[in-house]
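Take a look at the structure below.
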Amino acid sequence: MRLNPGYFIAAAFLLLATMLAAMALPARADGASGVTGGAKRPKVCLVLSGGGARGAAHVGVIKVLEEYRVPIDCITGTSMGSLVGAAYASGTSVADMEKIMGGLSTNTLFRDKPPREELQIRRKQEDRSLLFSPELGIGSIGGTMLPKGIVSGVQLESVLRDLAAPGYRNFDELPIPYRAVATNLETGQAVVFNKGELANVMRASMSVPVAIAPVEIDGKMLVDGMLVNNLPVNVAHAMGADIIIAVNVGTPLAKREELGSILGVAGQMLSILTEQNVQASIALLKPTDILISPELGDFATSDFDHLPSTLPIGEAAARKVADRLSRLSLSPEQYALYRKGLSNLIAQDMRPVDKIRFENLKRVNPEYLQSLMDTQPGKPVEQKVLDEDLRRVYGTSDFEHVNYRMIEDQGQRVLVVDAVEKSWGPNYFRFGLGLDSDFQGTANFTVQGRFRKTWLNSLGAEWLTDVQIGHTDRIASEFYQPIDSQHRYFVAPSIELKQSSTDLYSNDELIARYDMKRYRAGLDFGRDLGEYGQARLGIRAGVINPSLAIGPPSLSPGADSISEGAFVASLLLDKLNSVTFPTAGWLASAGLYNANSSLGADDTYTKWDARGTYVHTFGRNTFSLTGIANGKLDGTLPSYDQNQWGGLLRQSGYRVGQLLGESLTFGRLMYYNKLKDYPVFDGLYAGFSLELGKMRHPLVPGNTTDLLKSAAVFLATDSPIGPVYFGYGRAVDGNSSFYLYLGLPY
């Protein structure tokens with residue numbers, strides 16, 4: 001029997017058509033619905049876009065992918081997408097990511113300084129000034145005048161290490177191969193990372209220009225990858241993806257009415273750049289690829305305080321394409337095998353280090369930095385402790401960024417701390433403003449500037465100069481010289497020139513005002529107690545020139561010039577977590593001043609003072625208990641050195657400085673409630689205080705020596721120029737006043 005050649009041709013065409021049809025459909029894994037055994041499943045790559053806080057929705061999408069048993073063979077991401085992608089690629093479970101996201105906030109991500117109670121005492125003391133401005137570099141050669149970002153990213157990196165496996169990695173060796181995208185700030189080109197220290201790479205990918213300082217890796221200055229490739233579809237193609245699941249959480253362009261400020265216009269420019277490259281990436285998607293766009297509406301890219309609320313939105317968006325996801329689904333048995341291969345989360349190497357090394361330091365003494373670290377050679381490395389060490393080193397204010405590496409060097413395991421000294425240092429300037437008014441004719445405005453020269457020698461000498469102009473004019477300068485490399489002991493010579501005025505009241509009537517000029521020099525020997533406080537012993541010598549500015553001649557101070565000389569001692573212990581609105585901690589201080597004729601004093605006497613504060617918080621409710629006492633031990637306190645008291649939260653109801661006498665006893669119970677949170681500043685508070693006080697031996701005869709009872713109510717907020725208080729105080733004896741303060745009232 002002869003066969004017709006046409007049958008062969010027809011059969012060949014039929015076979016070819018079948019093969020083409022099969023290639024056009026997504027292949028499925030063995031045992032998947034509708035697929036015969038032996039078929040090879042496609043390589044599925046997850047592409048996660050940037051979008052700031054909106055990117056937390058990626059976790060919701062991944063949760064649905066797991067629910068539908070969709071295998072992920074590679075991941076690439078930008079900015080927040082690189083963060084979520086690295087966590088999942090490292091083996092972090094969705095449940096753990098949800099838990100971590102729930103614990104994140106603006107404070108936990110972007111407050112670089114360690115908790116205030118862990119700072120060295122000299123840095124804590126700066127909080128009690130009027131200073132609020134950023135630190136400006138003065139006289140630096142070849143350096144910038146300002147930081148490269150509002151935050152350095154030290155705290156952010158510690159959070160990133162909790163999310164993903166820390167340490168240097170070849171990203172193809174992660175449970176799921178991974179790529180991150182950043183932008184080279186010098187060339188404007190995309191940089192794709194396939195290896196490196198994960199936390200550092202993630203931070204580079206999400207370093208929003210101006211907000212977060214750029215990251216230096218391999219000689220490149222890197223910022224957020226959203227500028228050039230916010231949805232890196234092309235990177236997934238380069239990784240060999242057959243099917244791409246792309247998740248776009250980018251910010252929509254603002255409406256016209258939202259562009260009424262320079263910030264709105266700047267934000268829109270950034271959004272336009274990002275949206276253009278996102279649309280170019282979407283155009284690269286094939287019909288078989290899947291695009292998921294969570295409907296996040298007006299959820300702000302900066303709203304890191306409500307990350308969990310985006311997760312359900314991500315889930316809902318993924319469920320809208322459930323029919324397409326189900327085509328990629330593995331059987332329960334196959335997915336279990338797939339997940340088993342990903343379950344080996346890369347563990348951190350906790351072996352002890354043989355040595356700790358600080359590299360590239362030009363000014364700061366490494367012995368001092370070592371003294372700040374709890375991580376020590378020969379002991380196991382604990383990630384939490386090491387993160388706290390890095391924040392503590394950064395908290396010295398000498399560095400623009402602090403990171404670390406683990407290396408092997410000549411058979412030794414070495415912890416290398418990369419502490420980058422400030423390019424705008426080592427000399428700095430800050431300024432501040434202060435205002436207080438009782439709305440009864442008394443208003444004082446103050447401008448302050450501070451110049452700080454650091455690391456004048458290898459032991460860390462620091463020269464601090466303050467200039468203040470306003471109700472009180474003052475120039476003060478101190479040279480702080482540690483006498484050991486760990487800054488335990490120091491000597492501190494100082495000078496002060498001060499001109500101020502003191503009001504004298506008879507009950508609530510102003511009867512005189514004195515101008516006081518003071519010229520003083522001092523020398524202290526001290527012991528720094530690390531994060532706890534400082535003790536000092538010293539001497540003072542100077543001249544006081546009092547004069548009567550307002551009032552009858554009978555109230556003249558007498559001598560035109562008064563010599564002073566004294567032995568002084570002080571102790572300050574400060575573990576408050578904030579000066580403006582503390583929620584926890586305590587403070588204690590004590591001082592002794594012995595005016596002594598052997599040092600040239602015209603008036604001889606000894607006075608003392610003590611103060612204590614304890615703070616505790618329940619939820620958003622804070623209680624603060626403060627006690628203050630001072631007085632004389634011997635002699636008679638001269639009029640120029642008596643206690644002046646009064647004002648908001650300082651026996652509220654009385655005018656500022658209305659109470660004047662030899663000794664004071666004062667107690668205050670203060671309560672405040674946090675009404676509103678702000679992204680960067682502390683928030684808005686409402687509160688009240690109950691106060692008891694007693695002024696003994698008043699300077700003006702007839703002024704009350706009775707127990708003083710007063711109370712106050714106030715609204716307060718942390719502002720870009722410092723804390724602002726508006727309050728009303730009233731005393732039982734009828735004294736009352738409204739108050740406005742810029743700066744601390746107490």
- Task: Using a 10 Å cut-off on Cβ atoms, rank the peptides 543-551, 40-48 from the highest mean neighbour count down.
- Result: 40-48, 543-551
- Message: Here are a few candidate values for P(r) over Cα pairs in 20 Å bins from 0, in percent: (1) 16, 46, 31, 6, 0; (2) 14, 39, 28, 14, 4, 1, 0, 0; (3) 18, 51, 26, 6, 0. Which one was actually calculated from the structure I just gave you?
- Response: (2)
- Task: With label points built 7 Å along Cα→Cβ from the Cα atoms of ARG128 and THR465, find their separation and express it in nm.
- Result: 2.4
- Message: Show me the ranking of peptides 665-675, 216-226 by mean Cβ neighbours inside 10 Å, starting with the highest.
- Response: 216-226, 665-675
- Considering the dipole of the chain built from charges on the beta carbon (Lys and Arg +1, Asp and Glu -1) around the Cα centre, which of GLN412, ILE511, SER371 is farthest to its positive end? GLN412
- Query: Modelled label-to-label distance, THR704 and GLU408, 7 Å Cα→beta-carbon offset: nm?
  - Reply: 7.8
- Task: Step through the residues of the stretch 491-504 one at a time and calculate ³J(HN,Hα) from phi using the Karplus curve (6.51 cos²θ - 1.76 cosθ + 1.60, θ = phi - 60°), rounding each to whole Hz and writing x for Gly and Pro.
- Result: 10, 8, x, 8, 9, 8, 10, 9, 10, 9, 10, 10, 8, 10
- If the cut-off is a Cα-Cα distance under 12 Å, which aspartates and glutamates reach LYS320, setting aside same-chain residues fewer than 8 apart in sequence? GLU295
- Message: List residues of the stretch 493-512, by number, whose backbone nitrogen lies under 19 Å from a label position 7 Å along Cα→C-beta of SER547.
- Response: 497-504, 512
- Item | Gyration tensor verdict on the stretch 612-657 (Cα atoms; rounded if a/c is under 1.5, prolate if a/b is larger than b/c, oblate otherwise) | oblate
- Note on the structure: Ranked output for segments 644-653, 364-373 by mean other Cβ atoms within 10 Å, highest leading, reads 644-653, 364-373
- Message: Rounded, prolate or oblate, given the Cα gyration tensor of the stretch 280-351, with a/c below 1.5 counting as rounded?
- Response: oblate
- Note on the structure: Over the chain, the sum of -39500 (n - 2.57) across DSSP H runs of at least four, divided by residue number and rounded to 500 deg cm²/dmol, gives at 222 nm -6000 deg cm²/dmol
- Item | Length-normalised contact order for the stretch 626-746 - Cα pairs under 8 Å, 6+ apart - percent | 24
- Magnitude of the charge dipole, the stretch 596-706, Cβ model with Lys/Arg +1 and Asp/Glu -1, debye to 20: 480
- Magnitude of the charge dipole, the stretch 278-384, Cβ model with Lys/Arg +1 and Asp/Glu -1, debye to 20: 420
- Message: For a quick check of understanding: with a 1.4 angstrom probe and all protein chains in place, what accessible area in square angstrom does ARG488 have, to the nearest ten?
- Response: 100
- Cα lying deepest toward the dipole's positive end in the stretch 604-746, options LEU659, LEU708, SER639, charges on Cβ: LEU708
- Message: Checking understanding here: applying a Kyte-Doolittle mean of at least 0.0 and a length along the axis of at least 24 Å (C-alpha), which whole DSSP H helices in the chain pass?
- Response: 5-24, 262-282
- Message: Here is the link list: LYS124/LYS709; LYS43/LYS63; LYS422/LYS517. Which ones come out longer than 27 Å on Cα distance?
- Response: LYS124/LYS709; LYS422/LYS517
- Query: If r is the Cβ-Cβ distance from ASN360 to ILE138 and R0 is 30 Å, what FRET efficiency results, to the nearest 0.05?
  - Reply: 0.85
- Surface accessible to a 1.4 Å probe, per residue, for the residues of the chain, Å²: 45
- Message: Expected output is a single nm value to one decimal: the length gained when fully extending between ILE272 and SER477, i.e. 0.36 nm times separation in residues minus the C-alpha distance. What is it?
- Response: 68.8 nm
- What nm value, rounded to one decimal, do you get for the distance between LEU599 and ILE100 when each label is placed 7 Å out toward the C-beta? 5.6
- In range of the label at THR665: residues from the stretch 678-717 whose backbone nitrogen is under 14 Å from the point 7 Å along Cα→Cβ: 692-697, 705-709
- Task: With only Lys, Arg, Asp and Glu charged, each at its Cβ (+1 for the first two, -1 for the last two), find how big the charge dipole of the chain is about the Cα centre; round to the nearest 20 debye.
- Result: 1280
- Taking the Cβ-Cβ separation of LEU633 and LEU497 as r and a Förster radius of 25 Å, what is the calculated FRET efficiency to the nearest 0.05? 0.30
- Query: With all protein chains present, how much of the accessible area of the chain (probe radius 1.4 Å) comes from carbon and sulfur, to the nearest whole percent?
  - Reply: 59
- Item | Residue-span extension gain [SER293 to GLN383] - 0.36 nm each, minus C-alpha spacing | 28.8 nm
- Taking R0 as 22 Å, what's the FRET efficiency between THR617 and SER736 from their Cβ-Cβ distance, rounded to 0.05? 0.15
- Note on the structure: Of the candidates GLY538, THR187, ASN735, the farthest towards the positive dipole end of the chain (Lys/Arg Cβ +1, Asp/Glu Cβ -1, centred on the Cα centre) is THR187
- Other residues with Cβ under 14 Å from the Cβ of ASP682 give, with Lys and Arg +1 and Asp and Glu -1, a net charge of +2
- Item | Percentage relative contact order, the chain, counting C-alpha pairs under 8 Å, at least six apart | 11
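The values are calculated or read from the model by the stated rules, or taken from the named source; none is laboratory data. Keep in mind that this is a model prediction, so the values were computed, not measured. When we count neighbours, we look across all protein chains shown, and the Cβ atoms used for this are built from the backbone with ideal geometry, even at glycine. These area figures cover heavy atoms from the full protein model, side chains too; ligands, DNA and RNA do not enter into them. Shrake-Rupley method; radii C 1.70, N 1.55, O 1.52, S 1.80 Å.
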